[in-house]
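These notes are about the structure you will find just below.
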Amino acid sequence: MNAEKVAQYIVEWMDAYLTGTGAAGFVVGVSGGIDSAVVSSLAAMTGRRTLCVTLPIHQARSQVDRAAEHVARLTAHFSNAEAAHADLTAPYEAFRAAFDPSVGAGAPQATVDLAGANARSRLRMTALYYFAGMNNLLVAGTGNKIEDFGVGFFTKYGDGGVDISPIADLTKTEVYELGRWLGVPESILTAAPTDGLFGDDRTDEQQIGATYPELERAMRQDAEGTDPQTLSEREQRVLEIYRRRNRANRHKMEPIPVCRIPDSVRE
């Protein structure tokens, strides 16, 4: 991939889209991961106002530090880039405390943990749109191709709730390549990918059961209709993971179903 040409193409696309909306710039939630680092860098390169927001909720210290390092670097290099911070731990805990303890009683711990993780993501989305509304900005999404259109590894109405998706046509491998060209801090380039929604350092690989390069290969194999019997045992396993998650998360990737009422029924 020609990282320079791809970066310039995305920057020009973001700038042109912004012009058509009348908004003043972009707001990006910076998590300490590669995707948000790349998107915030590209947004800053447009020359438009770029608000980089950190929104920790019981966040692992290493993730907070990586995010701060990246934002400091960006604001030092681009006069149009700004930093903002909102610790959402207390609001999240207040949200949880509002529910009767009997809600979800008896649910498996994994189910409880996932519900909490999705609630965190949706709270962050709400905060980003608050910043956007107060400053006439667009929320720039940080999802990549594998997450958004492969396995649906994002929260519906959470990190999936955005105005534009600058890197959604890039695989995770390509995002890393772009990040290296953009000069993203080494601490981010070498960190294991994580969604940061569980208050610990569990990785995306641990949650999904496969690495991003493996999932990228499975995505190609699925699109090409590869016969699973021609694959190694591990490749078959990853392809099964990919297809299962793709099926289960179609509701995230497709438009909301609308019940169209025929005229004959209306009469």
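The table below lists the values:
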read-out	value
Hits in segment 204-235 (condition: outside any loop (DSSP other than H, G, I, E, B) and of a type in the set (D, E, K, R))	204, 205, 214, 216, 217, 220, 222, 224, 233, 234, 235
Residues located in segment 78-100, provided they are part of a helix (DSSP H, G or I) and either touching a Pro at 6+ places or on another chain (Cβ under 9 Å) or open to solvent by less than 30 Å² (accessible area, probe 1.4 Å) (or both)	89, 92
Test set (1) crowded, with 22+ Cβ neighbours inside 10 Å; (2) more than 17 Å from the chain's Cα centre (by Cα); (3) farther than 16 Å from residue 127 by Cα - residue 43 fails condition number	(2)
Any hit, segment 115-129, residues being touching a helix residue (DSSP H, G or I) at 6+ places or on another chain (Cβ under 8 Å) and not in a helix (DSSP H, G or I)	no
Condition met for residue 29 (small (Gly, Ala, Ser), open to solvent by 10 Å² or more (accessible area, probe 1.4 Å), closer than 16 Å to residue 165 by Cα and touching a residue at least 12 places away in the same chain (Cβ under 8 Å))	yes
Count - residues of segment 188-199 that are open to solvent by 40 Å² or more (accessible area, probe 1.4 Å) and either farther than 12 Å from residue 56 by Cα or modelled with pLDDT of 95 or more (or both)	2
Residue list for segment 13-26, filter: assigned to a helix (DSSP H, G or I), touching a residue at least 12 places away in the same chain (Cβ under 8 Å) and open to solvent by 10 Å² or more (accessible area, probe 1.4 Å)	13, 15, 17, 21
Count of segment 185-203 residues which are part of a loop (DSSP other than H, G, I, E, B), of a type outside the set (Lys, Arg) and closer than 24 Å to residue 217 by Cβ	7
Which numbered condition residue 190 fails, given (1) farther than 26 Å from residue 81 by Cα; (2) free of Cβ contacts under 8 Å to residues at least 24 places away in the same chain	(1)
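The values are calculated or read from the model by the stated rules, or taken from the named source; none is laboratory data. Predicted model only: the values in this text are computed from it and were never measured. All Cβ positions, even for glycine, are placed from backbone atoms using ideal geometry, and neighbour counts span all protein chains on display. Just the protein is used for accessible areas: all its heavy atoms, side chains included, with ligands, DNA and RNA removed. Shrake-Rupley method; radii C 1.70, N 1.55, O 1.52, S 1.80 Å.
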